[in-house]
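Just below is one structure, and these are the notes that go with it.
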Amino acid sequence: MDKRLLTIQDISCVGQCSLTVALPVISACGIETAILPSSVLSNHTAGFSAWTFKDLTDDMIPILDQWLKEGISFDAFYTGYVSKTQIPIILEIMKKTARPGALRIVDPVMADNGKLYTGFDADFPKEMLKLCAGADVIMPNITEACFLLDIPYPGEDYDRPYIKGMCRDLLKKTGAKQVILTGVSFEKGRLGCAIFNGSSFSYYFTDRIPVSMHGTGDAYASAVAGALLRGKSLSQAAAIGADFVVESIKQTLGDKDHWYGVKFEKALPYLIQRLAERPESSLSVA
Ligand code: PXL
């Protein structure tokens, strides 16, 4: 049977993030992608002056009940932007619809640049810990890692031992099996991630493109999820995801009208090509 993934996150109708990125990216990876929208927003909350917000928590259990009646189940789950009250429901959905050995991938979307996103309160990280508990892969950025660990945000003031310790502490505290820590940089022109699978630790860096674009975290996590389901290792998936985001950013550079997201669509052929490569040639870990 082909693999089927369920992704749970919001629909920001306009703005190229969350489900409007995850569905096309993971589908392009050749993986059947089911969705459970956690909420519907007119547009995302980063950079637009206002937005509508419709919470869909009340629909989640009826949807689950219907899936159970149909015998619907999943090989993988990938969660993104969700609300606090949805976390216990999502845990129940995963428990009841997981096929044997199902993979749980959690992007603990809640913060960046040292701050929680608009609409997330100080209690949110404690709830997010519950979603991360026992996950196969978590993909926090450094800000999210600090909130999960309840430690101060270091800004750019950190070194290799700090990042390695952070990865170890994340697995210890959350009980997750593997972590990809994103947004790591030790030198000005290079940006990447730290990858720790519980025993081996590595980094993957690319040249830093000196712009900050919204939605790159979702494009990254979606490509990693798709690559993992295509059988790539954690470090291969981390590298493919990073290169896909760089390609998406390059496709967006110079388009002033496109300030709200990245043109990941233009990079999908590149992603598909990378996924078709033999495993050895797609791995380039610094
Ligand atoms: O990209 C994360 C994200 C997802 N969904 C919504 C957001 C954000 C980040 O700001 O606003 C609605």
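Observations on the structure shown:
- Close amide H partners of Asp112, meaning residues 5 or more places away or on another chain with modelled amide H under 5 Å apart, are Tyr117.
- Coarse-grained scattering of the stretch 183-286 at q = 0.18, 0.20, 0.21, 0.23 Å⁻¹, given as base-10 log I(q)/I(0) from a Debye sum over alpha-carbon atoms: -0.85, -1.03, -1.12, -1.30
- Of the peptides 46-56, 110-120, the order by per-residue mean of other Cβ atoms within 10 Å, starting with the highest, comes out as 110-120, 46-56.
- Dividing the convex hull volume of the alpha carbon atoms of the stretch 72-198 by its residue count gives 106 Å³ per residue.
- Length available on full extension from Gln66 to Phe186: 0.36 nm per residue minus the Cα-Cα distance, which gives 38.3 nm.
- Helices assigned as whole DSSP H runs in the chain whose Cα atoms extend at least 24 Å along their own long axis and whose mean Kyte-Doolittle hydropathy is 0.5 or higher are found at 234-252.
- A simple spin-label model places pseudo-atoms 7 Å from Cα toward Cβ; at Ile209 and Met1 they are separated by 3.9 nm.
- As a length-normalised measure over Cα pairs under 8 Å and 6 or more apart, the relative contact order of the chain settles at 16 percent.
- Per residue Cα convex hull volume in Å³ - calculated over the stretch 82-154: 76 Å³
- Whole-Hz Karplus values for the stretch 201-214 come out as 10, 8, 10, 9, 10, 10, 5, 7, 8, x, 9, 10, 10, 6 Hz, taken residue by residue from phi with 6.51 cos²θ - 1.76 cosθ + 1.60 and θ = phi - 60°; glycine and proline positions read x.
- Computed over the chain with a Gaussian network model linking Cα atoms closer than 10 Å, the most mobile of His44, His214, His258 is His258.
- The chain: calculated mean residue ellipticity at 222 nm from DSSP helix runs of at least 4, using -39500 (n - 2.57): -12000 deg cm²/dmol
- The alpha carbons of the chain occupy a box of 52, 44, 39 Å along the principal axes, longest dimension given first.
Laboratory data are not the source of any read-out in this text; all were calculated from the coordinates shown. All of these numbers come straight from a predicted model, not from anything done at the bench. Neighbour counts are summed over all protein chains in view; Cβ atoms, including those assigned to glycine, are modelled from backbone coordinates with ideal geometry.
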